[in-house]
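Okay, structure first, notes after.
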Amino acid sequence: MTYAIIGFGDIGQALARAFARNGVEVSVATTRDPESFASAAAAIGPTILPKTLAEAVEADTIFLAVRFESHRDVANALPSWKGKTIIDAMNTFADPVEELSGLPSSAFVAKAFSGARLVKGFNHLLAGTLAEDPNVKGDRRVVFLSSDEEGAAETVGALAKQLGFAPVNLGKLGEGGALVQARGKSWGPLIFQDLFKKEP
C-alpha cells in the first residue's frame, strides 16, 4: 500500500508528522516544484518524500489537504481515480450551501474523483492538535471517519490505527458524517472536539 498527501500547508504537514512518527513512507506534493518544499519535508523526517503532483497521485491512498476550491485541480491530474482511496481532510466555508448543490462537502468532492472510494476524515482537528503525538497517557486521540463506500472507512481506520489514532466510524457522509462537516456558516458539532479513546 502506498500513500500520498496532496497539499503541504499546516494540515498536510501535520499529517506528514504522523507518518514520520511511525516510520511510514508517504509522498507529499503540491502544484509547485518539489524542490520548493523539500527542505520542509526533510525537517519532518526521512520517510516524507517530496514528489510532483503527477507522481504523488499514483499512490493507492491519497489525503486531500489542499484548499477546498483547489480539489478540482487535483482531480484533473488523473483521467480516472478507479481503485484509489481518497481521504478528504479539507473543510469549506462555501456559503450558501447551494454552492455545493445541497450536498455535504465531501459528497460534492467525491463527484470530482471518478471511481475513487472517498472517506471524510482527519478534518475535525486543528492542525496544531493533529500534529501532536495522538498517544496521551495510554489514550488515543480520536479521528472521525465517514464514507458512502462500503468498507472504505474501515480501510482508512486501519491506517489511522497504524498512525496511532483511534478511528470512530460515523457512517455515511450525509448521516453521521454531517457532524464533522461545514454547512454554510455553521460547523458540525464534532468539529474541533479533541476527544480520546482508551485503546486495548
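The values are calculated or read from the model by the stated rules, or taken from the named source; none is laboratory data. Here the structure is a predicted model, which is why all the values come from computation and not from measurement. Counting neighbours? That spans all protein chains shown, and the Cβs are built from the backbone with ideal geometry, glycine included.
Inside the stretch 2-59, residues that are β-branched (Val, Ile, Thr) and within 22 Å of Leu126 (Cβ to Cβ) make up a count of 8.
The residue that is modelled with the highest pLDDT, among those in the stretch 1-38 that are in a loop (DSSP other than H, G, I, E, B) and among the aliphatic types (A, V, I, L, M), is Val24. Of all residues in the stretch 33-46, those satisfying the criterion of being in contact with a helix residue (DSSP H, G or I) (Cβ under 9 Å, 6 or more places away or on another chain) and surrounded by fewer than 16 Cβ atoms within 10 Å (Cβ to Cβ) are Ala40, Pro46. Among residues of the stretch 110-129 that are within 18 Å of Thr92 (Cα to Cα), those with a beta-carbon under 7 Å from a residue that is of a type in the set (Phe, Trp, Tyr) and surrounded by fewer than 24 Cβ atoms within 10 Å (Cβ to Cβ) at least six positions away or on a different chain give the pairs Phe113/Trp81; His124/Phe192; Leu126/Phe192.
The residue list Ala41, Ala54 contains one member that is part of a helix (DSSP H, G or I), under 15 Å from Phe19 (Cα atoms) and either touching a Lys or Arg at 6+ places or on another chain (Cβ under 8 Å) or without any contact (Cβ under 8 Å) to a residue 60 or more places away in the chain (or both), which is Ala41. In the stretch 159-172, is there at least one residue being charged (D, E, K, R) and outside any helix (DSSP H, G or I)? Within the stretch 159-172 (the criterion being charged (D, E, K, R) and outside any helix (DSSP H, G or I)), the answer is yes, since at least one residue qualifies. The combined condition, being surrounded by 15 or more Cβ atoms within 10 Å (Cβ to Cβ), of a type in the set (Phe, Trp, Tyr), part of a helix (DSSP H, G or I) and touching a residue at least 24 places away in the same chain (Cβ under 8 Å), is not fulfilled by Phe63. Exactly one residue out of Arg140, Arg117 is surrounded by 14 or more Cβ atoms within 10 Å (Cβ to Cβ), touching a helix residue (DSSP H, G or I) at 6+ places or on another chain (Cβ under 6 Å) and charged (D, E, K, R), and it is Arg117. Restricting attention to the stretch 119-134, the residues that are out of contact with any Phe, Trp or Tyr (no Cβ under 9 Å at 6 or more places or on another chain) and in a strand (DSSP E or B) add up to 1. Being assigned to a loop (DSSP other than H, G, I, E, B) and modelled with pLDDT of 85 or more is the filter; apply it to the stretch 81-95 and report the residue that is nearest to the chain's Cα centre (by Cα). Among those that are assigned to a loop (DSSP other than H, G, I, E, B) and modelled with pLDDT of 85 or more, it is Ala89.
Looking only at residues in the stretch 153-200 that are aromatic (Phe, Trp, Tyr) and touching a strand residue (DSSP E or B) at 6+ places or on another chain (Cβ under 8 Å), the one that is nearest to Gly83 (Cα to Cα) is Phe165.
All conditions in (1) surrounded by 14 or more Cβ atoms within 10 Å (Cβ to Cβ); (2) out of contact with any Lys or Arg (no Cβ under 8 Å at 6 or more places or on another chain) hold for Leu173, with the sole exception of (2).
Scanning the stretch 96-110 for residues that are part of a helix (DSSP H, G or I) and either modelled with pLDDT of 80 or more or closer than 14 Å to His71 by Cβ (or both) yields Glu99, Leu100, Ser105, Ser106, Ala107, Phe108, Val109, Ala110. Looking only at residues in the stretch 173-198 that are touching a helix residue (DSSP H, G or I) at 6+ places or on another chain (Cβ under 8 Å), of a type outside the set (Gly, Ala, Ser) and not in a strand (DSSP E or B), the one that is nearest to Asp148 (Cα to Cα) is Leu173.
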